[in-house]
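Undergrad: So that we are looking at the same thing, I have put the structure below in structure tokens.
The values are calculated or read from the model by the stated rules, or taken from the named source; none is laboratory data. Just so it is clear, the structure is predicted and the values come from calculations on it, not from any experiment. In this analysis, Cβ positions are derived from the backbone assuming ideal geometry, glycine residues included, and neighbour counts consider all displayed protein chains.
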Amino acid sequence: MVGAPLDADAKLSAEQKIVAEAWRVTDRLFYDRSFNSKDWFALRQKYVRDTSYASRDEAYSAINSLLLQLDDKYTKFLTPDRYSAALNTFSDRAAGIGASVKASSPSSPSAADPPQLTLSSVPPSSPAGRAGLKAGDILVSINGESAKDVKEAEGMLKGPIGSTVLVRVREGAAGDERAVRIVREEGQAGELTCSVETKNGRKVGVMRIARFSENMGQELRSALDSFERDRVQGLVVDIRQNKGGSLTGGIEAARLFLPSGKTVVSVASNRGAKTDYASVQDGPAVKQPLVVLVDGLTASAAEVFAAAIKDNGRGVLVGEKTYGKGVVQTLQPLQNGAAGALAVTTARYETPSQTNIDGKGIEPDESITCPPESAAISCVPAKAFERS
């Protein structure tokens, strides 16, 4: 579909131009070229030319209404503040406070009532730990705003090195609230944590991935080098509560565990082009017994990783059926970010077994219930390493 001529927008108001840009971005990027069987040009006429807006907030509401016509829960508008938080979430350079966030229960990210967010891991030496925060504290607000889910909270906690963030927490359901201002530090974004544990006399390297950053492959390679020096006899990758992140990060991470020539994922674009991503050489961890922990909030890039391991017979998936997000979004700023951004569904993917998991999820090889607060090593069944 060809967008409307740009010179036709010259007479629009500033607010109408924001809505017009949102329409054009969606027109160019959205995966479903039928636009949910809607008359996409008629919607442009309705939301851009036939409606005037008294403020940016009214324009933002119009964009939300326009996108609702697509019936795609992943295509959404982000206000400038939420766009900034999203950039922090995907940035490998952002600093943090060293605390991990979890939802109080593994409920669906699309549930009407957002889950209660709590701090799940606060190392005493981290900026958050030194400020007196501790695991179990309920996260009330970040810089005066409530986060709707774990992913957004993680983005809001990150920022430039040396910047400050105001975190308000409550100690338990009936505890007192307090606000703490914390200075963000480099290396405290908390995407990957590693440890060496023991399971049934076996020395095991445990990697907890909270989110797949663009640079996760390099971080994992460094961890695997360390585990090799420690002479571990098995590996655990814990991606419970991991809602995804960077598709590239998920692909590069999976390649580290696969032999050469194995398919990681196949991605189909909005123009019909299909790209297969495969391992190009043996990864450094192709021989170690491997267990991958998943749950109902394991989604998107994390599911790409899980499916690559399972479908190639490389390791054992343990836990609960994953969330089932088989589509890819692109983040596109509006007016260079000054008017926020759109997250637009631009592609879908299939697992190595040519399965579309969207809305279905991935079934684990061994089903168990292991709450996210449980230590990863305690969730590994006794004979799981023998199966991998």
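Undergrad: I'd like to check something: does region 194-210 contain any residue that is among the charged types (D, E, K, R) and assigned to a loop (DSSP other than H, G, I, E, B)?
TA: Checked region 194-210: no residue is among the charged types (D, E, K, R) and assigned to a loop (DSSP other than H, G, I, E, B).
Undergrad: Follow-up. For region 176-193, give me the residue count where each residue is in a loop (DSSP other than H, G, I, E, B) and either of a type in the set (A, V, I, L, M, F, W, C) or under 17 Å from Ser120 (Cα atoms) (or both).
TA: Taking region 176-193 as the starting set, the residues that turn out to be in a loop (DSSP other than H, G, I, E, B) are 176, 184, 186-191.
Still in the running and either of a type in the set (A, V, I, L, M, F, W, C) or under 17 Å from Ser120 (Cα atoms) (or both): 188-191.
Of the residues in that region, 4 qualify.
Undergrad: Report every pair of residues separated by at least 6 positions or lying on different chains whose Cβ atoms are under 9 Å apart, first residue within region 217-243 and assigned by TED's automatic domain parsing to the domain that holds Thr118, second surrounded by fewer than 21 Cβ atoms within 10 Å (Cβ to Cβ).
TA: none
Undergrad: Identify all residues within region 69-89 that are assigned to a loop (DSSP other than H, G, I, E, B) and either surrounded by fewer than 18 Cβ atoms within 10 Å (Cβ to Cβ) or free of Cβ contacts under 8 Å to residues at least 40 places away in the same chain (or both); write none if there are none. Can you show your working first?
TA: Let us first name the residues in region 69-89 that are assigned to a loop (DSSP other than H, G, I, E, B), namely 69-75, 79.
Of everything in region 69-89, those that are assigned to a loop (DSSP other than H, G, I, E, B) and either surrounded by fewer than 18 Cβ atoms within 10 Å (Cβ to Cβ) or free of Cβ contacts under 8 Å to residues at least 40 places away in the same chain (or both) turn out to be Gln69, Asp71, Lys73, Tyr74, Thr79.
Undergrad: Sticking with this structure for a sec: Within region 289-335, how many residues are in contact with a strand residue (DSSP E or B) (Cβ under 7 Å, 6 or more places away or on another chain), closer than 20 Å to Pro381 by Cα, in a loop (DSSP other than H, G, I, E, B) and touching a residue at least 60 places away in the same chain (Cβ under 8 Å)?
TA: The number of residues fulfilling the criteria is 5.
Undergrad: Which one of the conditions (1) more than 19 Å from Phe30 (Cβ to Cβ); (2) modelled with pLDDT under 95; (3) not acidic (Asp, Glu) does Arg314 fail to meet, given that it meets all the rest?
TA: Of everything listed in (1) more than 19 Å from Phe30 (Cβ to Cβ); (2) modelled with pLDDT under 95; (3) not acidic (Asp, Glu), Arg314 misses just condition (2).
Undergrad: Within region 242-261, restricting attention to residues that are in a helix (DSSP H, G or I) and within 15 Å of the chain's Cα centre (by Cα), which residue is surrounded by the most Cβ atoms within 10 Å (Cβ to Cβ)? Reasoning before the result, please.
TA: Residues of region 242-261 in a helix (DSSP H, G or I): 247-255.
With within 15 Å of the chain's Cα centre (by Cα) added as a condition, the list becomes 247-251, 253.
Values: Leu247: 20, Thr248: 16, Gly249: 28, Gly250: 29, Ile251: 22, Ala253: 31.
Ranking the candidates gives Ala253 first.
Undergrad: Does Lys325 fit the bill of being surrounded by fewer than 24 Cβ atoms within 10 Å (Cβ to Cβ) and not assigned by TED's automatic domain parsing to the domain that holds Leu119? Break it down into steps so the answer makes sense when it comes.
TA: Details: surrounded by fewer than 24 Cβ atoms within 10 Å (Cβ to Cβ): no; not assigned by TED's automatic domain parsing to the domain that holds Leu119: yes.
In short, no.
Results for (1) farther than 19 Å from Glu154 by Cα; (2) at pLDDT 90 or above, shown as yes or no for each residue.
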{"site": "Val165", "(1), (2)": "no, yes"}
{"site": "Val169", "(1), (2)": "no, yes"}
{"site": "Gly172", "(1), (2)": "yes, no"}
{"site": "Lys199", "(1), (2)": "yes, yes"}
{"site": "Val206", "(1), (2)": "yes, yes"}
{"site": "Ser222", "(1), (2)": "yes, no"}
{"site": "Glu228", "(1), (2)": "yes, yes"}
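Undergrad: Here are some residues: Ser222, Ser226. Which one is within 30 Å of Leu331 (Cβ to Cβ), among the hydroxyl-bearing types (Ser, Thr, Tyr) and in a helix (DSSP H, G or I)?
TA: Details: Ser226 fails: within 30 Å of Leu331 (Cβ to Cβ).
Ser222 is the lone residue from the list that is within 30 Å of Leu331 (Cβ to Cβ), among the hydroxyl-bearing types (Ser, Thr, Tyr) and in a helix (DSSP H, G or I).
Undergrad: Regarding Val264, is this residue crowded, with 23+ Cβ neighbours inside 10 Å, at pLDDT 95 or above, within 21 Å of Pro372 (Cα to Cα) and of a type outside the set (Gly, Ala, Ser)?
TA: Taking the combined requirement at face value, the residue does not satisfy it.
Undergrad: One residue is enough: does region 103-121 have a residue meeting the conditions of a type in the set (S, T, N, Q), in a loop (DSSP other than H, G, I, E, B), at pLDDT 95 or above and over 17 Å from the mean Cα position of the chain (by Cα)?
TA: No, region 103-121 contains no residue that is of a type in the set (S, T, N, Q), in a loop (DSSP other than H, G, I, E, B), at pLDDT 95 or above and over 17 Å from the mean Cα position of the chain (by Cα).
Undergrad: Return the residue satisfying two criteria in turn: it lies in region 161-188 and is more than 12 Å from Asp137 (Cα to Cα) and of a type in the set (D, E, K, R), and of such residues it is surrounded by the most Cβ atoms within 10 Å (Cβ to Cβ).
TA: Residue satisfying both the conditions and the ranking: Arg184.
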